[in-house]
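Below is the structure I would like to discuss, written out as structure tokens.
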Amino acid sequence: MSNIPVYLTAEKHHLLLVGATSAAMAKLALFMNTGVRITLVGLGTIEAATAAGLSPEQTGVDTLSIHDRPFAQDDLNEKTLVYIGVEDDITEERILRLANARKMPVNVIDKPAKSNFITPAQFTRGPLQVAFSSGGVAPVFVRRLRSSLERILPPSLGVLADAAGNVRGKIKSIIPDGTRRRLFWDRLYDNAGLYADMEQSEVERLVVEAAKNHRVGATTGQVQLVGAGPGDPDLLTIKAHRALQQADVIVYDRLVSRDVLALARRDADLVFVGKREGEHGVGQEGIHKILVEEALKGKRVVRLKGGDPMLFARAGEELDALREHDIHTEVVPGISAFQGIAASTQIPMTDREYSSSLTLVTGHLKDGAFKDWARLAGEGQTLAVYMGVRGAPKISAGLIGEGVKGSTPVAVVENGTRANERRFYGTLSTLPELVKENAVKSPALLLIGDVVKNARDLNLDKYLPLLQAEAV
Ligand SMILES: C[S@@+](CC[C@H](N)C(=O)[O-])C[C@H]1O[C@@H](n2cnc3c(N)ncnc32)[C@H](O)[C@@H]1O
């Protein structure tokens, strides 16, 4: 069934709602604060509305009147919309027939075939009203769409939008330039979550304050360093998702999964800056150049990084390069590999029995970065080694050389959180073979410590004798 989308002006309508059912109360709750006049009729309506906390005494809403008696034909007089939510079919048919005879818009709640209009799935954010309909064909899809949009548009957006409406004139005098003002509003709405749970007057004060402090930098362009998480797109933050949907240019490398990239705006420029087999790639300086050039063109640039952008990701260098050019920067955190893998393997990183500390370390052995072996692992500690696949033999030998037990449990997780995740379990002394025999490839994380015993799919029959044999 196709529909015509129309928004009715609440104040100009008078709605008749018949019935004391929970469906009728749900409609009452939906409409009672919109300003529409509502007449609620039916036996038991006062009790039902009071039980739902919707009576005029409880809410102070003066546009609602309740008549606890059976429906009468005259109830239709002067009404412009009718909702029927009664239990008995004979009453339902009677009201429907009378309303149709008067050619009134009538809705039998949850019975679209009998109705001549529908109430779409909807939600509001202050002045913003979003309504959905699939004409009754795909209600599950509509529900999913609604919940994903509700997530993207935080409730605080409503307060912010109302506040923005009230101070719009002031902001115009503080930031007279139209382009810069648009950028100010854009950034403000990006960070709507900051205004959660605040009174509107406080939000208005903060918005004016933010406008006074608004610095645009050398350009209206900006760069967001965004955490793509370890691969599963459901692990993106809502803020990261939004950044991907808004970016003009997305600069990414090999660690970013295809599923995450698929969430980018369709017409965004995707710029790959990783290394391909047998190629050098653009290098770190090349990445800086691309970020700076695109931002200086006034573009919204997302530098998308695997995991969290502030962990083993050269974020400091990129931020420095951008600041040198006075470019506005922002960081959107992501789930780091160790967090995603803690979840997929169900290995807690700390544990009252096994470990009270967690160390994140790079296994890149260049520059002797990984040499204080003794400090890094051992009883009561967990070690998560990033980029440790190639160095696994040296890591194993180095730790054992400093007295860490060869029987310390180890997990090697390749492509953590992705559909092709592979997990291998062994001990510190068998780590090199574990990596070699299974031909483990990057990206993979090494977890070293007793907490690994908690892994959900550890084959204890196979594993425990190994630990015991090595412990003697
Ligand atoms: C350059 S570091 C980047 C780390 C990233 N910023 C983070 O917070 O996860 C790359 C290393 O992270 C680890 N890594 C990243 N994603 C991974 C994944 N999905 N599974 C396993 N390890 C991963 C691997 O050790 C990989 O060599």
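The values are calculated or read from the model by the stated rules, or taken from the named source; none is laboratory data. Values in this document were obtained by computation on a predicted structure and should not be read as measured data. A quick note on method: Cβ atoms are made from the backbone with ideal geometry, for glycine too, and the neighbour counts reach across all protein chains shown.
Kindly indicate whether any position in region 157-165 is touching a residue at least 24 places away in the same chain (Cβ under 8 Å), surrounded by 12 or more Cβ atoms within 10 Å (Cβ to Cβ), not in a helix (DSSP H, G or I) and not aliphatic (A, V, I, L, M).
no
If you check residue 252 against the conditions, is it of a type in the set (Ser, Thr, Tyr) and at pLDDT below 90?
For residue 252, the condition - of a type in the set (Ser, Thr, Tyr) and at pLDDT below 90 - is not met.
Restricting the search to region 283-300, which residues are away from the ligand (no atom under 16 Å from the Cβ) and without any contact (Cβ under 8 Å) to a residue 60 or more places away in the chain?
Result: 285, 286, 288, 289, 290, 292, 293.
Same structure, new question: Say whether the condition of being aliphatic (A, V, I, L, M), out of contact with any strand residue (DSSP E or B) (no Cβ under 6 Å at 6 or more places or on another chain), more than 16 Å from the ligand (Cβ to nearest atom) and touching a residue at least 24 places away in the same chain (Cβ under 8 Å) is met by at least one residue in region 250-271.
yes
Now, a different point. Give region 275-289 a look and list any residue that's surrounded by 15 or more Cβ atoms within 10 Å (Cβ to Cβ) and either closer than 30 Å to residue 148 by Cα or in contact with a Lys or Arg (Cβ under 9 Å, 6 or more places away or on another chain) (or both), or say none.
282, 287
Any chance you could count how many residues in region 378-393 are more than 13 Å from the ligand (Cβ to nearest atom) and modelled with pLDDT of 90 or more?
Counting residues in region 378-393 that are more than 13 Å from the ligand (Cβ to nearest atom) and modelled with pLDDT of 90 or more gives 3.
Of all residues in region 11-30, count the ones that are out of contact with any helix residue (DSSP H, G or I) (no Cβ under 7 Å at 6 or more places or on another chain) and either of a type in the set (Val, Ile, Thr) or modelled with pLDDT of 95 or more (or both).
The number of residues fulfilling the criteria is 12.
Only one of these conditions is not met by residue 254: (1) of a type outside the set (S, T, N, Q); (2) buried (at least 17 other Cβ atoms within 10 Å of the Cβ); (3) assigned to a loop (DSSP other than H, G, I, E, B). Which number is it?
Condition not satisfied by residue 254: (2).
Given the condition acidic (Asp, Glu) and part of a helix (DSSP H, G or I), answer yes or no: does some residue in region 107-117 qualify?
no
Then there's this: Please tell me if residue 151 is assigned to a helix (DSSP H, G or I) and closer than 20 Å to residue 30 by Cβ.
Here the answer is no, as residue 151 does not meet what is asked.
Let me ask another. Residue under question is residue 361, and the condition is that it be buried (at least 18 other Cβ atoms within 10 Å of the Cβ) and assigned to a strand (DSSP E or B); does it hold?
Judged against the criteria, residue 361 is a match.
Here's the yes/no breakdown for (1) more than 16 Å from the ligand (Cβ to nearest atom); (2) modelled with pLDDT of 95 or more:
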site	(1), (2)
362	no, no
367	no, no
372	yes, no
376	no, no
395	no, no
404	yes, no
416	no, yes
434	no, yes
439	no, yes
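Which of the residues belonging to region 46-75 are aliphatic (A, V, I, L, M) and either buried (at least 19 other Cβ atoms within 10 Å of the Cβ) or in a loop (DSSP other than H, G, I, E, B) (or both)?
Within region 46-75, 48, 49, 52, 54, 61, 64, 66, 72 qualify.
Scanning region 94-116 for residues that are surrounded by 12 or more Cβ atoms within 10 Å (Cβ to Cβ) and in contact (Cβ under 8 Å) with a residue 40 or more places away in the chain, which turns out farthest from residue 166 (Cα to Cα)?
Taking the candidates together, the pick is 95.
Can I ask one more? Every residue in region 301-343 that is under 18 Å from residue 388 (Cβ atoms) and either away from the ligand (no atom under 11 Å from the Cβ) or of a type outside the set (D, E, K, R) (or both), please.
306, 307, 311, 312, 313, 336, 337, 338, 339, 340, 341, 342
Per-residue answers, yes or no, for (1) in contact with a His (Cβ under 6 Å, 6 or more places away or on another chain); (2) within 16 Å of the ligand (Cβ to nearest atom); (3) charged (D, E, K, R):
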position: 180; (1), (2), (3): no, no, yes
position: 184; (1), (2), (3): yes, no, no
position: 198; (1), (2), (3): no, no, no
position: 214; (1), (2), (3): no, no, no
position: 221; (1), (2), (3): no, no, no
position: 234; (1), (2), (3): no, yes, yes
position: 248; (1), (2), (3): no, no, yes
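Which of the residues that make up region 344-357 are among the hydroxyl-bearing types (Ser, Thr, Tyr) and within 16 Å of the ligand (Cβ to nearest atom)?
Of everything in region 344-357, those that are among the hydroxyl-bearing types (Ser, Thr, Tyr) and within 16 Å of the ligand (Cβ to nearest atom) turn out to be 344, 345.
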